[in-house]
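A.B. asks: Please see the structure below; I have some questions.
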Amino acid sequence: EPTSNPTLEPSLEPTPNPTLEPTFKPTISPTLEPTLNPTPLPTLEPTSKPTQQPTTKPTLQPTQLDPTKKPVEVPTLTPTCAENGNFNLCLAIDMSGSVCNGDSNSVCLDCDSERPFTSCNSGGEKLSICCPNFSNMLEFTKDLITELGELPTDQDFSLVHFGTDVTIASTLESWRQAIKTINQLKYTGGQTNLAGAISSCQLTLDQSPPDRKNLMLIITDGAPSVPQPIANAKGAATTAALNAKNQDTFIIPVLIEEPNDNDQDEVLFLKNNVSSDGKVFVSDFDGLNSLQDSLFEQITCQANGNDSDRGEGI
């Protein structure tokens, strides 16, 4: 039947039946509200941009199932060994001419003279100190002793210095007294009597209490030269080191060399003939303080009966 109220204009082409499929184009105006449910099928390709907001909860598992394959390049700030071992430490300080001669081959025996100008005095240092290199050695030694002396352990320090001759500056004493002893040292010059330095250090450790580890820190800037010839000097130093190690003293060599010095003979000698564990700590005079942390760890580890894994030693 026709409608009682016909439309004003007839439809142009009404479809007799609804379309079986949806139109290919969307409606001109969007719906006022979004659909309640998402589309049943996901898109075939991911969106090119991430979501604007992160998820409200973290993922249950880390993104990597395995740990990193390499350790971090920078070591940890705290030492890896417990700092509870009692110890005695003898420090042997090189005062040979090469410390202050500026590569002049002088043995610098005149630096402590009363003459106003000498061949080795430099850097505005007083004659008893002679040169900035020796001043750096003393400051480095005092800083290390102070740090070790503040450990909550029992420890004492002895001091030996060597050139051609060797002097025991102090037997075992507290760290505060050891600092006072260092402040009274005077540069001597001379050749390098490493054998005498090792033997004299060992003498200061012979009366050590039985509950302490004996350690020896040798600070030198070159190969031994006394007694002559050099082969005899190296042989004597090797024998002295072996004797100390046979008495359970742990020897730690520090070699001071010029920057860009590629000569490995001195390093290899100390590594193979003097060091207790094959480590040699190497620096130039200006960079000695950079060794303080690694030496602190080496000493505390050995005092506690452990090996240090710190990488600064060669």
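The values are calculated or read from the model by the stated rules, or taken from the named source; none is laboratory data. This is a predicted model, so every value here is computed, not measured. So basically every Cβ, Gly included, is an ideal-geometry build from the backbone, and we count neighbours across all protein chains shown. Note: areas computed on protein heavy atoms with side chains; ligands, DNA, RNA excluded. Shrake-Rupley method; radii C 1.70, N 1.55, O 1.52, S 1.80 Å.
A.B. asks: Rounded to a whole number, what is D in µm²/s for the stretch 114-166 from Stokes-Einstein with the Kirkwood radius over alpha-carbon pairs (10 °C, 1.306 mPa s)? Please list the in-between numbers first.
C.D. replies: On the way: Rh = 13.5 Å.
My calculation gives 118 µm²/s for D.
A.B. asks: Still on this structure, I have one more. Could you work out how much longer the chain between Asn246 and Gln264 gets when fully extended? Use 0.36 nm per residue separation minus the Cα distance between them, nm to one decimal. Before the final figure, lay out the partial values.
C.D. replies: Working: separation 18, 0.36 × 18 = 6.48 nm, distance 2.67 nm.
Extending this stretch completely gives an extra 3.8 nm.
A.B. asks: Let me ask something additional. Any chance you could get the radius of gyration and Dmax over the Cα atoms of the stretch 163-314, in Å?
C.D. replies: 15.1, 43
A.B. asks: Rg and Dmax of the stretch 176-219 over Cα atoms: what are they, in angstrom?
C.D. replies: Values for the stretch 176-219 (Cα only, Rg and Dmax): 12.9, 37 Å.
A.B. asks: List the residues, sorted by chain then number, that are 5 or more residues from Ile252 or on another chain and whose placed amide H is less than 5 Å from its amide H.
C.D. replies: Distant-sequence amide H within range of Ile252: Met216, Leu217, Ile218.
A.B. asks: If you don't mind, there's one more thing I want to ask. Is any residue of the stretch 193-230 close enough, with backbone N under 15 Å, to a label point placed 7 angstrom from the Cα of Ile168 along the Cα-Cβ axis, and if so, which?
C.D. replies: 196-209, by backbone N distance to the label point.
A.B. asks: Out of the total accessible area of the stretch 86-229 (probe 1.4 Å, heavy atoms of protein only), what percent is carbon and sulfur? Walk me through the numbers on the way to the answer.
C.D. replies: Numbers: 2770 of 5900 Å².
It is 47 percent, rounded to a whole number.
A.B. asks: What does the accessible area of Val282 come to, in Å² to the nearest 10, when a probe of 1.4 Å is used?
C.D. replies: The value for Val282 is about 40 Å².
A.B. asks: Going by average Cβ neighbours within 10 Å, how do the peptides 167-178, 218-229 rank, with the highest at the top? It would help to have the intermediate numbers written out before the result.
C.D. replies: Details: 167-178: 17.1, 218-229: 20.3.
My ranking of the peptides, most packed first, is 218-229, 167-178.
A.B. asks: While we're here: If each residue of separation counts as 0.36 nm, what is the full-extension length gain between Arg176 and Ser122 once their alpha-carbon separation is subtracted?
C.D. replies: On the way: separation 54, 0.36 × 54 = 19.44 nm, distance 2.92 nm.
Answer, rounded to one decimal: 16.5 nm.
A.B. asks: Here's another thing I want to ask about it. At most 16 other Cβ atoms within 10 Å and a DSSP loop assignment: could you name the trypsin sites (Lys or Arg not before Pro) in the stretch 186-251 that fit?
C.D. replies: On the way: sites: Lys186, Arg212, Lys213, Lys234, Lys245; in loops: Lys186, Arg212.
Passing sites in the stretch 186-251 are Lys186.
A.B. asks: Moving on to the next point. Roll a 1.4 Å probe over the protein chains and send me the accessible area per residue for the stretch 158-314 in Å². Numbers along the way, then the final one.
C.D. replies: Working: 6710 Å² over 157 residues.
Roughly 43 Å² per residue, with all protein chains present.
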